[in-house]
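Below: one structure, written as structure tokens.
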Amino acid sequence: MKKNPEFLSFRARTLAWLCLMVLCGGSATAEVLEDRWYTLKLGGGHVGSMHTVTESSEGRISSRMMTNLTMKRGEMEIAIAIGMDWVQTTEGRAISARMSQDMSAMSQIVDWQFTDEGIKVTQGTGPSAITKMQPVPKGKWLTPYSSFRYFIERAKAGDREIVVKTMSPEIGPRLLDNTYTWKGEDEITINGRTISTTIWEMVNSATPGVPSTLWVSKDGVMVVTETSLGGMGKMRMELAEKAATEQEVEAVEVFFKLMIEPDQPIDQPWSAQQAVMRVRPKGGTTLDLPSTGYQSIAGVKDGHTTIVVDLDAPQPATAEEVADKAYLGQSMMIDPKDELILELHQQAVADLPANASRMQRCEAMRSFVHDHITNKDLGTAFASASEVAKTRSGDCSEHGVLLAALLRADGLPARVAHGLVYIPAFGEYEKGVFGWHMWSQALVDGNWVDLDATLPVMYSAGHVTTGTSSLEHGSGAEDMTSIISSLGNLEIDVLKVNYE
């Protein structure tokens, strides 16, 4: 089977982040020390484990969660490890937080230190680390450990809807609402023991379209959590003995099963200048596609969205987007001030005439990234632009972040876009296939223009944009969670294609 490795690394990355958000609530007990293990299943198969530990010492409470997942992209397995550490006083005041993520030898770290002046945020490690002072958001909030304890206390008091505010280093320093709604009672058998539980729906404001169902024991222990992940099935976390978490994983394939075969092929897609397509959700999925880049919304009817992708009609940026400094800023994923990024930028534009237009500069950088990444495979999972500059390896997300970094180094506001791309003659798909993808956008003369460094051309009309991200905080996975419910739940009709 012919394989195109130029897309989908962000899917596994987004899934890993979602697990972090919905599974890291912790467990409240009367004990000083907590040590619990959970199995993780996706679509019924064992894909990993989670370990939570809480300790109290010298007036401080330290809570740690480590999640390990294994996913498949084609025949390649990707190991994902996510760590979350919080330290607080026994009174609940936050002292520090640290998130670490490792995917296929790529490591990302975000560290928070709470000071009198605000939050000292450090992204990355070593000489390439980026440190900024951020204000603490206004309003009362609790650490994840304290927020879950609060939920348990209110649940025992008889509340049926409970809202608690917290924060996460992955999202950045802003308040998130966890809303718990009582759904009933149930008895669950775990390790041969029957446990009486209450059932709750939990919605995190960062992932409003991806609710979780929680089974919580009467003494405040998280027993089971289930989250629907669209076409990938349900992610289930279940309380277990440590030995059960050590069984061999059954890595779930997330590459081919979520592709979308359109109703008809797009002939010569790299030459297509305009395409009119209808995107149809199924399975109760809702759809909210943006007008951005070369994509505009022609109409919405019966939940179906008709889009026009016109390479001669870029969409204007909003006033807020024009003023947003994040599109020129430094972050863990995109650092335009990195020495190697600056060096590559100079190489990319070296042969351009002095009067080259902005679009000519964009194309020179896009083409340079296309050639610079020589190892175009699935083994690299959401590396930063600085890492890609060194390794010259990656697929769609690596092309996207490296190009965004070069664009910012050139003084052009830039971000990444995510969605679907049409790939012709893909394996058994006679009509071609749409696969989940990532690319770049640059702000040129007040308009967002799309640039896809994975392609032999600047861009093609065979794209469907589902969202964008500046990648200002962490890896931007929050911006991509809107697609979770759409995975495996979309159909695409190609209504019209123009080549002139």
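The values are calculated or read from the model by the stated rules, or taken from the named source; none is laboratory data. For clarity, every value in this text was computed on a predicted model and none was experimentally measured. No Cβ is skipped: glycine too gets one built from the backbone with ideal geometry, and neighbour counts run over all protein chains shown.
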Hey, does segment 370-382 have a residue that's out of contact with any His (no Cβ under 9 Å at 6 or more places or on another chain), touching a residue at least 24 places away in the same chain (Cβ under 8 Å), among the β-branched types (Val, Ile, Thr) and in a helix (DSSP H, G or I)?
-> no
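Taking the options SER49, SER100, SER57, SER107, name whichever one is at pLDDT below 85, more than 21 Å from PHE151 (Cα to Cα) and of a type in the set (Gly, Ala, Ser). I'd like the intermediate steps shown before the answer.
On the way: SER49 fails: at pLDDT below 85; SER100 fails: at pLDDT below 85; SER57 fails: at pLDDT below 85.
On inspection, the qualifying residue turns out to be SER107.
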For LEU342: the one exception among (1) in contact with a strand residue (DSSP E or B) (Cβ under 8 Å, 6 or more places away or on another chain); (2) surrounded by fewer than 18 Cβ atoms within 10 Å (Cβ to Cβ); (3) modelled with pLDDT of 95 or more | (1)
Got a sec? Which of THR286, THR305, THR318 is surrounded by 18 or more Cβ atoms within 10 Å (Cβ to Cβ) and within 25 Å of the chain's Cα centre (by Cα)?
-> THR305
Members of segment 413-454 that are surrounded by fewer than 21 Cβ atoms within 10 Å (Cβ to Cβ) and modelled with pLDDT of 95 or more = VAL444, ASP445, GLY446, ASN447
If you go through segment 92-150, how many residues are crowded, with 16+ Cβ neighbours inside 10 Å, part of a loop (DSSP other than H, G, I, E, B) and touching a residue at least 40 places away in the same chain (Cβ under 8 Å)?
-> 4
Of all residues in segment 347-370, how many are loosely packed, with under 14 Cβ neighbours inside 10 Å and of a type in the set (Lys, Arg)?
-> 0
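Quick check on ARG415: is it under 30 Å from GLU261 (Cβ atoms) and of a type in the set (D, E, K, R)? It would help to see each step written out before you state the result.
Numbers: under 30 Å from GLU261 (Cβ atoms): yes; of a type in the set (D, E, K, R): yes.
Answer is yes for this residue.
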Pick out the one residue from LEU420, LEU407, LEU443 that is assigned by TED's automatic domain parsing to the domain that holds GLU491, over 18 Å from ASP395 (Cβ atoms) and not in a helix (DSSP H, G or I).
-> LEU443
So PRO208 fits all but one of (1) modelled with pLDDT under 95; (2) within 23 Å of the chain's Cα centre (by Cα); (3) surrounded by 15 or more Cβ atoms within 10 Å (Cβ to Cβ); what number is the exception?
-> (3)
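Sort through THR292, THR227 and tell me the only one that's of a type in the set (Ser, Thr, Tyr), buried (at least 16 other Cβ atoms within 10 Å of the Cβ), at pLDDT 90 or above and not assigned by TED's automatic domain parsing to the domain that holds PRO314.
Details: THR292 fails: not assigned by TED's automatic domain parsing to the domain that holds PRO314.
Of the residues listed, the single one that is of a type in the set (Ser, Thr, Tyr), buried (at least 16 other Cβ atoms within 10 Å of the Cβ), at pLDDT 90 or above and not assigned by TED's automatic domain parsing to the domain that holds PRO314 is THR227.
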Search segment 255-279 for residues that are free of Cβ contacts under 8 Å to residues at least 24 places away in the same chain and pair each with any residue that is surrounded by 16 or more Cβ atoms within 10 Å (Cβ to Cβ) when their beta-carbon atoms are under 6 Å apart and the residues are at least 6 apart or on different chains.
-> none
Run VAL401 past the list (1) among the β-branched types (Val, Ile, Thr); (2) surrounded by fewer than 24 Cβ atoms within 10 Å (Cβ to Cβ); (3) under 27 Å from the mean Cα position of the chain (by Cα) and report the number of the one that doesn't hold.
-> (2)
Filter result (in contact with a helix residue (DSSP H, G or I) (Cβ under 7 Å, 6 or more places away or on another chain) and of a type in the set (Lys, Arg)) within segment 44-89 = ARG73
Pair list, Cβ < 6 Å and 6+ apart or interchain, from segment 205-223 residues that are free of Cβ contacts under 8 Å to residues at least 40 places away in the same chain to residues that are charged (D, E, K, R) | SER205/ASP177; PRO211/GLU201; THR213/GLU201; THR213/GLU226
